[in-house]
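Heads up: the structure comes next, in structure tokens.
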């Protein structure tokens, strides 16, 4: 750097420090706000954020706050000159309205606007806290402390020890899971009228395939009456279904099942001179939709509805003395069932 800029900087800083010394209040921590405007043609000048960072570097602390709580409010602007170069103007006031004066810095014609950066930062720092600038410069000028004496070389002791690490057998990423449940049912179209029953089911969920469910059903006896007598009907059945499921929420799950059912319907006549008993097969396609809500641990409660479409449905007839036949009961082609129950999930 040539002697002229150095002399100019020393003269400028001496004047600022002298004029500001009477305004400084060392008893209170100084805070300031900075409003910095780059007028048209000065877009290449230092931005406000960089200028504030350079000022705090000279002060060795953070001083800039919101204007509403600042001790000193500084308004600055920079603009190009017609003769060439740039002029920066700084105006400072205290929070109580005391005018601290205006400072102007100018670059030489032919110099860029960034040549003002260092002087701007120093002048702003002196305007805010001259004593802090002096302390920071003293710290920067202080010689570094002597390095500590070298520590003795570490003593290296190498020990070998044999460690046996158990290795777990690899497990499938998708282990088998399952569940078991029991429910009370109410059916229509299976036996005469609305038939109360029960079911018990078990489900396995193999990796890479839909869950498979096996279910056993039982219904309480129901009567069908005709003139002069009637018959009591009961039924047992079992079904096999595939049951893909999805989680509605973390604790609520929906399951849809489709499969087939096979069973036996038993009828026993009453009120006739000759009482006969008979058992006939039942085959049907079944489907259901079920919701399950997790309660605690593996326990869950479930409710659902189902439909059956009979493929083989028994028909029971009454032979009249004249040789004619009269229907006593025949399983419906399509029927429905509702269920409510509890279950347990099994996971490894």
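The values are calculated or read from the model by the stated rules, or taken from the named source; none is laboratory data. Quick caveat, the model's predicted, so the values are computed rather than measured. Don't worry about glycine lacking a Cβ; one is built from the backbone with ideal geometry, like all the others, and counts go over all protein chains shown.
Couple of notes before you dig in:
- If you go through the range 95-111 and keep only what is in contact (Cβ under 8 Å) with a residue 24 or more places away in the chain and either assigned to a strand (DSSP E or B) or crowded, with 16+ Cβ neighbours inside 10 Å (or both), you end up with 100, 101, 103, 105, 106.
- Residues of the range 10-49 classified as in a helix (DSSP H, G or I) and either at pLDDT below 60 or exposed (fewer than 13 other Cβ atoms within 10 Å of the Cβ) (or both), total: 13
- The set of residues in the range 164-186 that are at pLDDT 90 or above and over 20 Å from residue 301 (Cβ atoms) is empty.
- Members of the range 301-331 found to be in contact with a strand residue (DSSP E or B) (Cβ under 7 Å, 6 or more places away or on another chain) and not in a strand (DSSP E or B), listed by number: 313, 314, 320, 331
- Annotation note: of 317, 342, the sole residue that is assigned by TED's automatic domain parsing to the domain that holds residue 256 and closer than 25 Å to residue 183 by Cα is 342.
- Test for residue 259: is it touching a strand residue (DSSP E or B) at 6+ places or on another chain (Cβ under 7 Å) and in contact (Cβ under 8 Å) with a residue 60 or more places away in the chain: no
- The set of residues in the range 69-86 that are touching a strand residue (DSSP E or B) at 6+ places or on another chain (Cβ under 8 Å) and surrounded by fewer than 16 Cβ atoms within 10 Å (Cβ to Cβ) contains only 81.
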